[in-house]
Amino acid sequence: MTSSSFRDARTVPGGVGAQADFQTRAVHSGGAFASETGAVVTPIYATSTFASGNPHGFDYTRSGNPNFTNLEAILANLEGAEFATSFASGVAAITAVVSTLKSGDLVLAEENVYGCTFRLFDRVFAKFGVSVRYIDFTKSESFLQIEALKPALVWLESPTNPLLKIIDIEKAAAHCKAAGSTLLVDNTFASSFVQRPLELGADISLTSTTKYTNGHSDCLGGAVCTNDPKWADDMVFAQKALGLNPAPFDAWLITRGVKTLALRMQRHSDNALKVAEHLESFACVNWVRYPFLASHPQFELAKRQMRAGSGIITADLGLPLEKTRQFLERLQYFTLAESLGGVESLCCHPASMTHASVPRDVRERVGITDGTVRFSIGIEHADDLCRDLTRCYEEVTYAVGSHQST
Ligand SMILES: *Cc1c(COP(=O)(O)O)cnc(C)c1O
(Lines give C-alpha, C1' and ligand atoms only; values in the text may rest on other atoms or scores of the structure.)
Protein backbone atom coordinates (compact mmCIF):
# COMPACT_ATOMS: atom_id res chain seq x y z
CA MET A 1 0.00 0.00 0.00
CA THR A 2 1.34 3.40 -0.89
CA SER A 3 1.43 5.97 1.88
CA SER A 4 -2.01 7.45 2.19
CA SER A 5 -3.26 10.87 3.13
CA PHE A 6 -6.34 10.62 5.27
CA ARG A 7 -8.48 13.59 6.11
CA ASP A 8 -10.09 14.23 9.45
CA ALA A 9 -13.70 13.33 10.02
CA ARG A 10 -14.82 16.94 10.08
CA THR A 11 -18.52 16.77 10.71
CA VAL A 12 -18.48 15.37 14.20
CA PRO A 13 -16.57 15.95 17.41
CA GLY A 14 -14.25 13.10 18.29
CA GLY A 15 -12.68 12.70 14.84
CA VAL A 16 -9.16 11.30 14.97
CA GLY A 17 -6.55 13.01 12.87
CA ALA A 18 -4.57 12.07 9.82
CA GLN A 19 -1.41 11.26 11.75
CA ALA A 20 -2.90 8.20 13.45
CA ASP A 21 -2.75 4.71 11.94
CA PHE A 22 -5.91 2.98 10.64
CA GLN A 23 -5.99 0.67 13.66
CA THR A 24 -5.94 3.62 16.06
CA ARG A 25 -8.54 5.55 14.11
CA ALA A 26 -10.83 2.48 14.01
CA VAL A 27 -10.82 2.51 17.82
CA HIS A 28 -10.77 6.26 18.52
CA SER A 29 -12.76 7.98 15.77
CA GLY A 30 -16.44 8.61 16.46
CA GLY A 31 -17.37 8.48 20.12
CA ALA A 32 -19.60 11.52 19.78
CA PHE A 33 -22.67 12.23 21.93
CA ALA A 34 -21.23 10.48 24.98
CA SER A 35 -19.29 13.26 26.69
CA GLU A 36 -22.13 14.60 28.89
CA THR A 37 -22.28 11.36 30.86
CA GLY A 38 -18.72 10.09 30.56
CA ALA A 39 -19.97 6.97 28.78
CA VAL A 40 -17.00 5.39 27.03
CA VAL A 41 -19.28 4.10 24.28
CA THR A 42 -21.92 6.16 22.50
CA PRO A 43 -25.33 4.96 23.77
CA ILE A 44 -28.10 3.70 21.50
CA TYR A 45 -30.48 6.53 20.60
CA ALA A 46 -33.69 4.55 20.28
CA THR A 47 -35.89 7.47 19.35
CA SER A 48 -38.00 8.17 16.29
CA THR A 49 -38.05 11.94 16.72
CA PHE A 50 -36.26 14.88 18.36
CA ALA A 51 -37.47 18.09 20.02
CA SER A 52 -37.14 20.95 17.59
CA GLY A 53 -34.31 23.36 18.25
CA ASN A 54 -31.95 20.70 19.69
CA PRO A 55 -28.25 21.66 19.45
CA HIS A 56 -27.30 19.11 16.75
CA GLY A 57 -30.28 19.85 14.50
CA PHE A 58 -31.77 16.34 14.55
CA ASP A 59 -35.44 16.16 13.62
CA TYR A 60 -36.63 12.65 12.71
CA THR A 61 -34.66 9.39 12.64
CA ARG A 62 -35.35 8.70 8.95
CA SER A 63 -33.21 11.75 8.18
CA GLY A 64 -30.61 11.42 10.93
CA ASN A 65 -29.84 10.01 14.38
CA PRO A 66 -26.76 10.32 16.62
CA ASN A 67 -25.96 6.64 15.98
CA PHE A 68 -25.87 7.25 12.21
CA THR A 69 -23.78 10.42 12.60
CA ASN A 70 -21.31 8.60 14.81
CA LEU A 71 -21.00 5.59 12.48
CA GLU A 72 -20.72 7.85 9.42
CA ALA A 73 -17.84 9.80 11.01
CA ILE A 74 -15.94 6.55 11.62
CA LEU A 75 -16.59 5.11 8.16
CA ALA A 76 -15.57 8.38 6.45
CA ASN A 77 -12.41 8.52 8.55
CA LEU A 78 -11.43 4.94 7.68
CA GLU A 79 -12.13 5.33 3.94
CA GLY A 80 -10.17 8.60 3.88
CA ALA A 81 -13.38 10.27 2.72
CA GLU A 82 -14.93 13.65 3.35
CA PHE A 83 -18.46 12.22 3.70
CA ALA A 84 -20.20 8.94 4.51
CA THR A 85 -23.91 8.14 4.54
CA SER A 86 -25.23 5.04 6.28
CA PHE A 87 -28.05 2.85 4.99
CA ALA A 88 -30.16 -0.10 6.09
CA SER A 89 -28.22 -2.58 3.91
CA GLY A 90 -25.82 -2.77 1.00
CA VAL A 91 -28.79 -3.04 -1.34
CA ALA A 92 -30.30 0.11 0.23
CA ALA A 93 -26.99 1.91 -0.49
CA ILE A 94 -27.09 0.67 -4.10
CA THR A 95 -30.72 1.83 -4.38
CA ALA A 96 -29.72 5.28 -3.10
CA VAL A 97 -27.01 5.69 -5.74
CA VAL A 98 -29.07 4.35 -8.65
CA SER A 99 -32.10 6.48 -7.62
CA THR A 100 -30.09 9.57 -8.65
CA LEU A 101 -30.12 8.40 -12.30
CA LYS A 102 -32.80 9.35 -14.79
CA SER A 103 -34.53 7.64 -17.70
CA GLY A 104 -32.13 7.25 -20.63
CA ASP A 105 -28.99 7.08 -18.46
CA LEU A 106 -26.49 4.31 -19.16
CA VAL A 107 -24.53 2.35 -16.55
CA LEU A 108 -21.42 0.49 -17.68
CA ALA A 109 -20.91 -2.36 -15.25
CA GLU A 110 -18.38 -5.13 -14.65
CA GLU A 111 -20.03 -8.36 -15.89
CA ASN A 112 -19.27 -10.21 -12.65
CA VAL A 113 -21.17 -7.78 -10.35
CA TYR A 114 -22.93 -8.98 -7.22
CA GLY A 115 -26.16 -10.88 -8.05
CA CYS A 116 -28.49 -8.53 -6.16
CA THR A 117 -26.99 -5.53 -7.98
CA PHE A 118 -27.74 -7.26 -11.29
CA ARG A 119 -31.29 -8.10 -10.15
CA LEU A 120 -31.94 -4.54 -9.00
CA PHE A 121 -30.84 -3.12 -12.37
CA ASP A 122 -32.64 -5.84 -14.33
CA ARG A 123 -35.94 -6.13 -12.48
CA VAL A 124 -36.43 -2.66 -10.96
CA PHE A 125 -34.44 0.16 -12.54
CA ALA A 126 -34.88 -1.13 -16.13
CA LYS A 127 -38.57 -0.19 -15.69
CA PHE A 128 -37.51 3.40 -15.10
CA GLY A 129 -35.43 3.57 -18.27
CA VAL A 130 -31.95 3.07 -16.78
CA SER A 131 -30.00 0.69 -19.01
CA VAL A 132 -26.90 -1.29 -18.13
CA ARG A 133 -24.16 -2.66 -20.34
CA TYR A 134 -21.99 -5.43 -18.82
CA ILE A 135 -18.36 -5.87 -19.83
CA ASP A 136 -15.26 -7.70 -18.60
CA PHE A 137 -13.02 -5.08 -17.01
CA THR A 138 -10.03 -7.41 -16.75
CA LYS A 139 -9.60 -6.88 -20.52
CA SER A 140 -7.71 -3.70 -21.17
CA GLU A 141 -9.75 -2.76 -24.30
CA SER A 142 -12.87 -2.63 -22.07
CA PHE A 143 -11.66 0.63 -20.56
CA LEU A 144 -11.94 2.31 -23.98
CA GLN A 145 -15.70 1.69 -23.81
CA ILE A 146 -15.87 4.31 -21.06
CA GLU A 147 -14.81 7.11 -23.43
CA ALA A 148 -16.82 5.61 -26.32
CA LEU A 149 -20.11 5.34 -24.40
CA LYS A 150 -19.69 8.13 -21.82
CA PRO A 151 -21.97 6.36 -19.31
CA ALA A 152 -23.52 8.28 -16.42
CA LEU A 153 -22.03 5.74 -14.04
CA VAL A 154 -19.31 3.08 -14.21
CA TRP A 155 -20.02 0.31 -11.70
CA LEU A 156 -17.10 -1.82 -10.57
CA GLU A 157 -16.45 -4.36 -7.90
CA SER A 158 -12.98 -5.52 -6.91
CA PRO A 159 -12.47 -8.29 -5.95
CA THR A 160 -15.57 -9.58 -7.76
CA ASN A 161 -17.97 -12.24 -6.53
CA PRO A 162 -17.40 -15.17 -6.74
CA LEU A 163 -14.47 -15.24 -9.19
CA LEU A 164 -12.29 -12.68 -7.35
CA LYS A 165 -11.30 -10.82 -10.49
CA ILE A 166 -9.24 -7.73 -9.65
CA ILE A 167 -10.10 -4.58 -11.60
CA ASP A 168 -7.64 -1.72 -12.02
CA ILE A 169 -9.42 1.09 -10.16
CA GLU A 170 -6.79 3.76 -10.89
CA LYS A 171 -7.00 3.05 -14.60
CA ALA A 172 -10.82 3.06 -14.57
CA ALA A 173 -10.73 6.39 -12.71
CA ALA A 174 -8.51 7.98 -15.38
CA HIS A 175 -10.86 6.85 -18.16
CA CYS A 176 -13.93 8.03 -16.20
CA LYS A 177 -12.33 11.43 -15.71
CA ALA A 178 -11.71 11.74 -19.45
CA ALA A 179 -15.31 10.69 -20.23
CA GLY A 180 -16.96 12.80 -17.51
CA SER A 181 -18.43 9.62 -15.96
CA THR A 182 -18.84 8.90 -12.25
CA LEU A 183 -16.86 5.90 -11.00
CA LEU A 184 -18.40 3.76 -8.27
CA VAL A 185 -16.52 0.88 -6.66
CA ASP A 186 -18.34 -1.68 -4.52
CA ASN A 187 -15.64 -2.20 -1.88
CA THR A 188 -17.49 -4.87 0.14
CA PHE A 189 -15.11 -7.79 -0.54
CA ALA A 190 -12.04 -5.74 0.41
CA SER A 191 -13.23 -3.38 3.19
CA SER A 192 -11.59 -0.03 3.91
CA PHE A 193 -8.68 -1.74 5.66
CA VAL A 194 -7.65 -3.61 2.52
CA GLN A 195 -8.50 -1.10 -0.21
CA ARG A 196 -9.58 2.55 -0.40
CA PRO A 197 -11.17 3.30 -3.77
CA LEU A 198 -11.36 7.09 -3.26
CA GLU A 199 -7.58 7.27 -2.86
CA LEU A 200 -7.31 5.39 -6.16
CA GLY A 201 -9.50 8.01 -7.89
CA ALA A 202 -13.02 6.60 -7.59
CA ASP A 203 -15.85 9.08 -6.95
CA ILE A 204 -17.91 6.76 -4.77
CA SER A 205 -16.96 3.84 -2.53
CA LEU A 206 -19.96 1.71 -1.64
CA THR A 207 -19.87 -0.98 1.05
CA SER A 208 -22.26 -3.58 2.39
CA THR A 209 -21.27 -3.07 6.03
CA THR A 210 -23.16 -6.32 6.73
CA LYS A 211 -19.95 -8.12 5.75
CA TYR A 212 -16.42 -7.28 6.96
CA THR A 213 -17.16 -3.81 8.37
CA ASN A 214 -19.53 -5.19 10.99
CA GLY A 215 -17.88 -8.58 10.88
CA HIS A 216 -20.13 -10.46 13.29
CA SER A 217 -23.02 -11.60 11.05
CA ASP A 218 -25.59 -10.04 13.39
CA CYS A 219 -27.12 -7.21 11.35
CA LEU A 220 -27.36 -5.63 7.90
CA GLY A 221 -26.00 -2.25 6.87
CA GLY A 222 -24.63 -0.26 3.95
CA ALA A 223 -22.60 2.89 3.39
CA VAL A 224 -21.65 5.30 0.62
CA CYS A 225 -18.41 7.30 0.98
CA THR A 226 -17.42 10.21 -1.25
CA ASN A 227 -15.43 13.46 -1.34
CA ASP A 228 -18.01 15.13 -3.57
CA PRO A 229 -20.44 17.35 -1.60
CA LYS A 230 -23.10 16.99 -4.33
CA TRP A 231 -23.03 13.19 -4.09
CA ALA A 232 -23.07 13.43 -0.28
CA ASP A 233 -26.17 15.67 -0.39
CA ASP A 234 -27.86 13.28 -2.82
CA MET A 235 -27.15 10.35 -0.50
CA VAL A 236 -28.58 12.12 2.57
CA PHE A 237 -31.62 13.03 0.46
CA ALA A 238 -32.06 9.41 -0.70
CA GLN A 239 -31.71 8.16 2.88
CA LYS A 240 -34.68 10.21 4.05
CA ALA A 241 -36.76 10.47 0.85
CA LEU A 242 -36.67 6.74 0.07
CA GLY A 243 -36.65 5.54 3.69
CA LEU A 244 -33.30 3.76 3.33
CA ASN A 245 -32.03 4.60 6.83
CA PRO A 246 -30.64 1.94 9.17
CA ALA A 247 -32.05 1.26 12.65
CA PRO A 248 -30.13 3.04 15.46
CA PHE A 249 -29.37 -0.32 17.09
CA ASP A 250 -27.90 -1.74 13.86
CA ALA A 251 -25.80 1.40 13.38
CA TRP A 252 -24.57 0.92 16.95
CA LEU A 253 -23.69 -2.75 16.30
CA ILE A 254 -21.68 -1.79 13.21
CA THR A 255 -19.97 0.95 15.24
CA ARG A 256 -18.92 -1.72 17.71
CA GLY A 257 -17.88 -4.18 15.00
CA VAL A 258 -15.72 -1.76 13.05
CA LYS A 259 -13.43 -1.11 16.03
CA THR A 260 -11.73 -4.48 15.37
CA LEU A 261 -11.72 -4.22 11.56
CA ALA A 262 -7.91 -4.01 11.29
CA LEU A 263 -7.32 -7.00 13.58
CA ARG A 264 -9.96 -9.07 11.87
CA MET A 265 -8.85 -8.26 8.31
CA GLN A 266 -5.25 -9.14 9.17
CA ARG A 267 -6.35 -12.52 10.54
CA HIS A 268 -8.85 -13.15 7.71
CA SER A 269 -6.12 -12.40 5.17
CA ASP A 270 -3.36 -14.43 6.89
CA ASN A 271 -5.72 -17.39 7.30
CA ALA A 272 -7.05 -17.19 3.74
CA LEU A 273 -3.56 -17.18 2.23
CA LYS A 274 -2.65 -20.29 4.27
CA VAL A 275 -5.90 -22.07 3.37
CA ALA A 276 -5.55 -21.11 -0.33
CA GLU A 277 -2.01 -22.56 -0.44
CA HIS A 278 -3.28 -25.68 1.33
CA LEU A 279 -6.15 -26.15 -1.16
CA GLU A 280 -3.69 -25.85 -4.06
CA SER A 281 -2.01 -29.01 -2.75
CA PHE A 282 -5.18 -31.14 -3.05
CA ALA A 283 -4.91 -33.83 -5.73
CA CYS A 284 -7.97 -33.25 -7.96
CA VAL A 285 -8.28 -29.47 -7.54
CA ASN A 286 -8.49 -27.67 -10.90
CA TRP A 287 -7.75 -24.16 -9.66
CA VAL A 288 -7.68 -22.02 -6.53
CA ARG A 289 -8.24 -18.31 -6.82
CA TYR A 290 -7.08 -15.88 -4.16
CA PRO A 291 -5.81 -12.36 -4.92
CA PHE A 292 -2.54 -12.79 -3.01
CA LEU A 293 -1.63 -16.17 -4.54
CA ALA A 294 1.08 -15.83 -7.20
CA SER A 295 -1.13 -17.97 -9.48
CA HIS A 296 -3.88 -15.29 -9.53
CA PRO A 297 -4.14 -13.74 -13.01
CA GLN A 298 -4.01 -10.20 -11.56
CA PHE A 299 -1.59 -10.92 -8.70
CA GLU A 300 0.64 -7.87 -9.39
CA LEU A 301 -2.35 -5.53 -9.61
CA ALA A 302 -3.83 -7.01 -6.41
CA LYS A 303 -0.61 -6.32 -4.52
CA ARG A 304 -0.52 -2.75 -5.83
CA GLN A 305 -4.10 -1.88 -5.01
CA MET A 306 -4.83 -3.96 -1.89
CA ARG A 307 -3.04 -4.02 1.46
CA ALA A 308 -3.85 -7.73 1.96
CA GLY A 309 -5.77 -10.46 0.15
CA SER A 310 -8.95 -10.31 2.29
CA GLY A 311 -10.76 -13.46 3.36
CA ILE A 312 -12.49 -14.96 0.34
CA ILE A 313 -11.19 -17.93 -1.64
CA THR A 314 -12.87 -19.46 -4.68
CA ALA A 315 -11.79 -22.86 -5.99
CA ASP A 316 -12.77 -25.59 -8.41
CA LEU A 317 -12.32 -28.74 -6.39
CA GLY A 318 -12.53 -30.99 -9.44
CA LEU A 319 -15.46 -32.92 -7.99
CA PRO A 320 -18.87 -33.61 -9.57
CA LEU A 321 -21.86 -31.66 -8.28
CA GLU A 322 -23.08 -34.18 -5.69
CA LYS A 323 -19.61 -34.77 -4.25
CA THR A 324 -18.97 -31.06 -4.05
CA ARG A 325 -22.14 -30.58 -2.01
CA GLN A 326 -21.24 -33.56 0.22
CA PHE A 327 -17.78 -32.13 0.83
CA LEU A 328 -19.23 -28.76 1.89
CA GLU A 329 -21.91 -30.33 4.09
CA ARG A 330 -19.36 -32.45 5.98
CA LEU A 331 -17.17 -29.54 7.03
CA GLN A 332 -17.14 -28.91 10.78
CA TYR A 333 -15.97 -25.30 10.91
CA PHE A 334 -17.57 -23.97 7.72
CA THR A 335 -21.33 -23.39 7.72
CA LEU A 336 -22.92 -23.82 4.30
CA ALA A 337 -24.53 -20.39 3.98
CA GLU A 338 -24.69 -17.31 1.83
CA SER A 339 -22.97 -14.09 2.97
CA LEU A 340 -19.37 -13.57 4.02
CA GLY A 341 -17.06 -11.46 6.13
CA GLY A 342 -17.98 -12.67 9.62
CA VAL A 343 -15.58 -14.02 12.24
CA GLU A 344 -16.86 -17.55 11.54
CA SER A 345 -15.94 -19.42 8.35
CA LEU A 346 -18.67 -20.04 5.79
CA CYS A 347 -18.78 -21.97 2.54
CA CYS A 348 -21.01 -21.61 -0.44
CA HIS A 349 -21.76 -23.60 -3.60
CA PRO A 350 -22.56 -20.98 -6.26
CA ALA A 351 -23.95 -23.47 -8.82
CA SER A 352 -26.72 -24.62 -6.46
CA MET A 353 -27.04 -21.49 -4.28
CA THR A 354 -26.19 -17.93 -5.36
CA HIS A 355 -26.16 -18.73 -9.10
CA ALA A 356 -28.79 -21.52 -9.20
CA SER A 357 -31.10 -19.42 -11.35
CA VAL A 358 -28.40 -18.76 -13.95
CA PRO A 359 -28.58 -21.24 -16.89
CA ARG A 360 -25.70 -23.74 -16.86
CA ASP A 361 -24.13 -22.54 -20.14
CA VAL A 362 -24.13 -18.89 -19.00
CA ARG A 363 -22.76 -19.89 -15.61
CA GLU A 364 -19.98 -21.98 -17.13
CA ARG A 365 -19.08 -19.28 -19.63
CA VAL A 366 -18.29 -16.88 -16.79
CA GLY A 367 -16.32 -19.64 -15.03
CA ILE A 368 -18.72 -21.08 -12.41
CA THR A 369 -18.69 -24.87 -12.73
CA ASP A 370 -20.42 -27.57 -10.64
CA GLY A 371 -17.18 -27.97 -8.70
CA THR A 372 -16.77 -24.27 -7.90
CA VAL A 373 -16.89 -23.45 -4.20
CA ARG A 374 -16.44 -20.21 -2.30
CA PHE A 375 -15.04 -19.97 1.19
CA SER A 376 -15.34 -17.02 3.52
CA ILE A 377 -12.39 -17.65 5.81
CA GLY A 378 -13.03 -16.64 9.42
CA ILE A 379 -10.65 -15.83 12.25
CA GLU A 380 -10.36 -19.37 13.64
CA HIS A 381 -6.89 -20.96 13.74
CA ALA A 382 -5.77 -21.69 10.17
CA ASP A 383 -4.51 -25.17 11.13
CA ASP A 384 -7.99 -26.19 12.29
CA LEU A 385 -9.53 -24.96 9.05
CA CYS A 386 -6.91 -26.79 6.94
CA ARG A 387 -7.39 -30.04 8.90
CA ASP A 388 -11.17 -29.81 8.45
CA LEU A 389 -10.81 -29.31 4.69
CA THR A 390 -8.31 -32.17 4.32
CA ARG A 391 -10.46 -34.61 6.28
CA CYS A 392 -13.60 -33.94 4.22
CA TYR A 393 -11.73 -33.90 0.92
CA GLU A 394 -10.18 -37.29 1.71
CA GLU A 395 -13.55 -38.73 2.75
CA VAL A 396 -15.27 -37.53 -0.39
CA THR A 397 -12.52 -38.33 -2.91
CA TYR A 398 -12.01 -41.76 -1.35
CA ALA A 399 -15.73 -42.35 -1.87
CA VAL A 400 -15.40 -41.12 -5.48
CA GLY A 401 -12.51 -43.53 -6.05
CA SER A 402 -14.18 -46.55 -4.49
CA HIS A 403 -17.42 -45.80 -6.30
CA GLN A 404 -15.64 -45.61 -9.65
CA SER A 405 -13.71 -48.84 -9.06
CA THR A 406 -16.84 -50.91 -8.39
C1 LIG B 1 -23.74 -8.53 0.29
C2 LIG B 1 -23.32 -7.62 -0.79
C3 LIG B 1 -24.13 -6.54 -1.19
C4 LIG B 1 -25.50 -6.30 -0.61
O5 LIG B 1 -25.45 -6.02 0.72
P6 LIG B 1 -26.63 -6.36 1.77
O7 LIG B 1 -26.12 -5.75 3.01
O8 LIG B 1 -26.77 -7.84 1.80
O9 LIG B 1 -27.88 -5.70 1.25
C10 LIG B 1 -23.65 -5.71 -2.19
N11 LIG B 1 -22.46 -5.92 -2.79
C12 LIG B 1 -21.67 -6.96 -2.44
C13 LIG B 1 -20.37 -7.14 -3.15
C14 LIG B 1 -22.06 -7.84 -1.43
O15 LIG B 1 -21.28 -8.88 -1.11
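The values are calculated or read from the model by the stated rules, or taken from the named source; none is laboratory data. Please read these numbers as outputs of a predicted model, since none were measured by experiment. Glycine gets a Cβ as well: all are built from the backbone with ideal geometry, and neighbour counts include every protein chain shown. Ligands, DNA and RNA are stripped out before the accessible areas are found, and what is left, the full protein with its side chains, is counted by its heavy atoms. Shrake-Rupley method; radii C 1.70, N 1.55, O 1.52, S 1.80 Å.
Odds and ends about this structure:
- Projecting the Cα atoms of L301, L163, T209 onto the dipole axis of the chain, where Lys and Arg carry +1 and Asp and Glu carry -1 at the beta carbon, places T209 farthest toward the positive end.
- Farthest towards the positive end of the charge dipole of the chain, among the residues A46, Q23, G64, is the Cα of G64, using unit charges on the Cβ of Lys, Arg, Asp and Glu.
- Among A276, A84, A46: highest mean-square fluctuation, GNM of the chain, C-alpha pairs under 10 Å: A46
- Cα-based shape type of the stretch 325-406, given that a ≥ b ≥ c are square roots of the gyration tensor eigenvalues and the cut on a/c is 1.5: oblate
- Computed from label points 7 Å out along Cα-Cβ, the spacing between T390 and V41 is 3.9 nm.
- Charges were assigned to the Cβ only: +1 to each Lys and Arg, -1 to each Asp and Glu. The resulting dipole of the stretch 161-275 about its Cα centre is roughly 340 debye.
- Flagged links, alpha-carbon separation over 26 Å, of K127/K240; K102/K240; K102/K177; K139/K303: none
- Scanning the chain for GluC sites (Glu not before Pro) lying in DSSP loops with no more than 13 further Cβ atoms inside 10 Å, the longest uninterrupted stretch between such sites is 37-337.
- Using θ = phi - 60° in the Karplus curve 6.51 cos²θ - 1.76 cosθ + 1.60, the 3J(HN,Hα) couplings for the stretch 131-141 round to 9, 10, 10, 9, 9, 8, 7, 7, 8, 5, 5 Hz; x is entered for Gly and Pro.
- Aspartates and glutamates with Cα under 14 Å of K150, excluding same-chain neighbours fewer than 8 positions away: D105
- The modelled label-to-label distance for the pair E380/E322, using points 7 Å beyond Cα in the direction of Cβ, is 2.7 nm.
- Angle in degrees between helix 321-330 and the longest Cα principal axis of the chain, rounded to the nearest 10: 60 degrees
- Förster radius 30 Å - calculated FRET efficiency between Q332 and S295 (Cβ-Cβ, nearest 0.05): 0.65
- Three-way shape label, the stretch 88-192, alpha-carbon gyration tensor, a/c 1.5: oblate
- Within the chain, helix-based [θ] at 222 nm, where runs of 4 or more DSSP H residues each add -39,500 (n - 2.57), nearest 500: -11000 deg cm²/dmol
- Qualifying lysines (Cα of each under 19 Å from Cα of K259; at least 8 residues distant if same chain): K211
- Solvent-accessible area per residue for the chain (1.4 angstrom probe, square angstrom): 42 Å²
- A full extension of the chain between F249 and E344 corresponds to an added length of 32.0 nm, given 0.36 nm per residue minus the alpha carbon distance.
- S281-A34 FRET efficiency (beta carbon distance; Förster radius 35 Å; 0.05 resolution): 0.10
- Cα centroid separation, the stretch 172-228 to the stretch 103-144 (Å): 17 Å
- Seen from a random direction on average, the alpha-carbon convex hull of the stretch 14-53 projects onto 4.2 square nanometres.
- Under DSSP loop assignment and at most 11 Cβ neighbours within 10 Å, longest trypsin sites (Lys or Arg not before Pro)-free interval of the chain: 140-406
- Residue-level accessible surface for Y134, protein heavy atoms, 1.4 Å, Å²: 70 Å²
- Label-point separation, S63 to K127 (7 Å along Cα→Cβ), nm: 2.7 nm
- The share of accessible area on the chain that comes from carbon and sulfur is 53 percent, using a 1.4 angstrom probe.
- Here the stretch 11-160 is treated with +1 on each Lys and Arg Cβ and -1 on each Asp and Glu Cβ, and its dipole about the Cα centre works out to around 420 debye.
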